[in-house]
Amino acid sequence: MSQKPKELVLYAFDACPFCQKVFRKITSLGIESTIVRKDTRIHPEYARELIALNGTTQVPCLVIDGVPMLESDDINDYLDRTFG
């Protein structure tokens, strides 16, 4: 198991199928309270934060202690290694 991060922030929105894939993984691991979710469709300021962070509004984006990770499969693999 990987070392637990200090802060996890997930930029996403509900209508995104790739985000749904990550949401299901978070639920299956029971770590909902560990991750701050930021909906980029409901809150435009979160979309601006995401652009400032990595130059794109691509979701899902999991920010691990300030470092962004894109791609739902990579995010799910990370979550499995860290919390599974």
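The values are calculated or read from the model by the stated rules, or taken from the named source; none is laboratory data. Because the structure is a prediction, the values reported are computed rather than measured. All Cβ positions, even for glycine, are placed from backbone atoms using ideal geometry, and neighbour counts span all protein chains on display. We work out accessible area using only protein heavy atoms, side chains counted, and drop any ligands, DNA or RNA first. Shrake-Rupley method; radii C 1.70, N 1.55, O 1.52, S 1.80 Å.
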Quiz prompt | Rounded percent of accessible protein surface that carbon and sulfur make up, the chain, 1.4 Å probe | solution = 52 percent
Exercise. Identify which of Leu50, Leu62, Leu70 has the largest mean-square fluctuation in a Gaussian network model of the chain, with springs joining Cα atoms closer than 10 Å.
Key: Leu70
Quiz item: List the GluC sites (Glu not before Pro) in region 41-84 that DSSP assigns to loop (not H, G, I, E or B) and whose Cβ has at most 16 other Cβ atoms within 10 Å. Which are they?
Solution: Glu71
Practice problem: Note the full-extension length gain between Gln58 and Thr34 as 0.36 nm times their separation in residues minus their Cα-Cα distance, in nm to one decimal. | Solution: 6.5 nm
Self-check item: Accessible solvent surface per residue of the chain, calculated while the other protein chains remain in place, 1.4 angstrom probe, Å²
Solution: 59 Å²
Quiz prompt | Cβ-placed point charges (K, R +1; D, E -1), dipole of the chain about Cα centre in debye, nearest 20 | solution = 120 debye
Quiz item: Does anyone have the angle between helix 72-83 and the longest principal axis of the chain? Alpha-carbon axes, 0 to 90°, nearest 10?
Solution: 40 degrees
Quiz item: R0 = 41 Å: FRET efficiency of Asp77 with Arg48, Cβ-based, nearest 0.05?
Solution: 0.90
Exercise. Could you tell me how many degrees, from 0 to 90 and to the nearest 10, lie between the Cα long axis of helix 17-29 and the main elongation axis, the longest principal axis, of the Cα atoms of the chain?
Key: 30 degrees
